[in-house]
Amino acid sequence: MRAFSKIPGFTLLEIIVVIMLIGLLATVAIPNLLNHVERSKYSEGARLLSAVRDAQIAYEYENGAYANNLANLDVAVANVKNFFLPVARDTDPVAQITRLNNRYTLSIYVNGAVTCAGVDCALVGCHLGGGNQCN
């Protein structure tokens, strides 16, 4: 009888262990990546709100009241990718913006505080400590 020669390669057990390790790494990395993506989209909304807030403060200084229409403000809002257009309000909060998927709405107050209302607020770092303030 002929003996089998040792053929170099991986055993089935080694392949299974490697696949399990890749799966474990993916379960940790993918949610972190998705949270990071949503946080970058949140920062776009916060930046837009900050610009509207600044325009609201200037408008109130000149007119004695806050504008209730974005067209009345001296602010350019263009190339909004991840949110609906901001809404100017004549009361505090002075502006709001809603995510395109309607999963959360951000509001900004005259003092600069940003709050979040919706189901994805925790993804963007809001609702820390049980509140709804983001910064």
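The values are calculated or read from the model by the stated rules, or taken from the named source; none is laboratory data. All values derive from a computational prediction rather than experimental measurement. For neighbour counting, all protein chains shown are included, and Cβ atoms are generated from backbone atoms with ideal geometry for every residue, glycine included.
In table form, for the structure just shown:
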item: Unmet criterion (only one of (1) free of Cβ contacts under 8 Å to residues at least 40 places away in the same chain; (2) touching an Asp or Glu at 6+ places or on another chain (Cβ under 6 Å); (3) under 13 Å from Leu49 (Cα atoms)) for Val110; result: (1)
item: Ile30 being within 21 Å of the chain's Cα centre (by Cα), part of a helix (DSSP H, G or I) and more than 23 Å from Gln133 (Cα to Cα); result: yes
item: Residue among Ala88, Ala67 that alone is within 23 Å of Gln133 (Cα to Cα), modelled with pLDDT of 90 or more and either surrounded by 14 or more Cβ atoms within 10 Å (Cβ to Cβ) or not aliphatic (A, V, I, L, M) (or both); result: Ala88
item: Single residue of the range 113-135 satisfying the filter (among the β-branched types (Val, Ile, Thr) and farther than 16 Å from Ala51 by Cβ) that is modelled with the highest pLDDT; result: Thr115
item: Hits in the range 36-92 - residues which are of a type in the set (Phe, Trp, Tyr), closer than 22 Å to Gly118 by Cα and in a loop (DSSP other than H, G, I, E, B); result: Phe84
item: Filtered residues of the range 93-109 (kept if in a loop (DSSP other than H, G, I, E, B), surrounded by 14 or more Cβ atoms within 10 Å (Cβ to Cβ) and modelled with pLDDT of 90 or more); result: Pro93, Val94, Tyr109
item: Tabulated pairs, the range 17-35, first touching a residue at least 12 places away in the same chain (Cβ under 8 Å), second surrounded by 10 or more Cβ atoms within 10 Å (Cβ to Cβ), C-beta under 7 angstrom, 6+ apart or interchain; result: Asn35/Leu123
item: Subset of the range 76-129 [acidic (Asp, Glu) and within 21 Å of Tyr59 (Cα to Cα)]; result: Asp90, Asp92
